[in-house]
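Visitor: Handing you this structure, nothing more for now.
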């Protein structure tokens, strides 16, 4: 049976601004962006989420289906509105965000998809910490873990939640314990702990819970710590059009590599340096392509040619 990827996270419509003028409107969400990329790559993907019963929600669902993503486990709530974000790109094409959300009181009223051993689950961002959603998210993570899935966790902790860091700590640690691979950026750990050094982050905050850690720094070196391997990977400079989906697509590339190189959950402790090199290369390739155009995922051209 072919392995599949199941994501759990938010959906949102990103309206991108350049020079204070709107330039594009693209369905997005941190896990969502990576799931769309994997769908374009021909991976069997499912997504657990929610959206409104409105025009924005219809647009998001149609977009998912057009990119090969199963929508059977997206809750369409009858009250409230689909969320929208405004992403303002600066001179470096990095984004600052404003979010507009009007959720109903009943959230994430969905059944879980079937999960088989070595399927890959992607989760992260505030969605995986949100106290309102936590009971359902925790139930899903426990189910996925018990079924033998490989869990990939992107911390993605934005500065807007910095003041909540302490009260979210126990939930964050629970997520780390579920995770088989953890990815975080220096921005995440600066917001959480005031840390920026990869070794300090790994030894002090990650290794006890999950031995496999990838730390990214935007366009700078990527740090890998696996328990047996400590390595820095240079990032090739590119001329970015938008960095909105860079980290999300790095995650998608790593997950794609897990499938491409047939790496299963029981293999993780024995991965060689060459195995990690392959995974990181997939991650950087996906991220680089996503930065080269307006859109939150890899291009269809990339998907049609990558690795062929």
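Okay, residues lined up against (1) in a helix (DSSP H, G or I); (2) within 17 Å of the chain's Cα centre (by Cα); (3) at pLDDT 95 or above:
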position	(1), (2), (3)
14	no, yes, no
17	no, no, no
24	no, no, no
43	no, yes, yes
48	no, yes, yes
63	yes, no, yes
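Visitor: May I ask you to list the residues in region 82-111 that are assigned to a loop (DSSP other than H, G, I, E, B) and more than 19 Å from the chain's Cα centre (by Cα)?
Guide: Step one: of region 82-111, the residues assigned to a loop (DSSP other than H, G, I, E, B) are 90-94, 103-111.
Answer for region 82-111, where residues must be assigned to a loop (DSSP other than H, G, I, E, B) and more than 19 Å from the chain's Cα centre (by Cα): 90, 91, 92, 93, 103, 104, 105, 106, 107, 109, 110, 111.
Visitor: Further question on the same structure: Considering only residues that are more than 19 Å from residue 277 (Cβ to Cβ) and within 17 Å of the chain's Cα centre (by Cα), look in region 183-229 and name the one that is modelled with the lowest pLDDT.
Guide: Restricting to residues being more than 19 Å from residue 277 (Cβ to Cβ) and within 17 Å of the chain's Cα centre (by Cα), the top hit is 218.
Visitor: A further question on this structure: For the list (1) over 24 Å from residue 120 (Cα atoms); (2) assigned to a strand (DSSP E or B); (3) touching a helix residue (DSSP H, G or I) at 6+ places or on another chain (Cβ under 6 Å), I need the number of the one condition that residue 161 fails.
Guide: So the condition that residue 161 fails would be (2).
Visitor: Which numbered condition trips up residue 142, out of (1) within 19 Å of residue 7 (Cβ to Cβ); (2) assigned to a helix (DSSP H, G or I); (3) at pLDDT below 95?
Guide: With (1) within 19 Å of residue 7 (Cβ to Cβ); (2) assigned to a helix (DSSP H, G or I); (3) at pLDDT below 95 applied to residue 142, the lone miss is (3).
Visitor: Also, quick follow-up: Suppose we filter 79, 10 for residues that are part of a loop (DSSP other than H, G, I, E, B) and in contact with a helix residue (DSSP H, G or I) (Cβ under 6 Å, 6 or more places away or on another chain); which single one remains?
Guide: Details: 79 fails: in contact with a helix residue (DSSP H, G or I) (Cβ under 6 Å, 6 or more places away or on another chain).
Step by step, each of 79, 10 is checked, and only 10 is part of a loop (DSSP other than H, G, I, E, B) and in contact with a helix residue (DSSP H, G or I) (Cβ under 6 Å, 6 or more places away or on another chain).
Visitor: Looking at 152, 126 in this structure, which one is touching a strand residue (DSSP E or B) at 6+ places or on another chain (Cβ under 6 Å), surrounded by 15 or more Cβ atoms within 10 Å (Cβ to Cβ) and at pLDDT 95 or above?
Guide: 152
The values are calculated or read from the model by the stated rules, or taken from the named source; none is laboratory data. Computed from a predicted model, the values in this text were never measured in an experiment. Cβ sites come from the backbone with ideal geometry, for glycine too, and all protein chains shown count toward neighbours.
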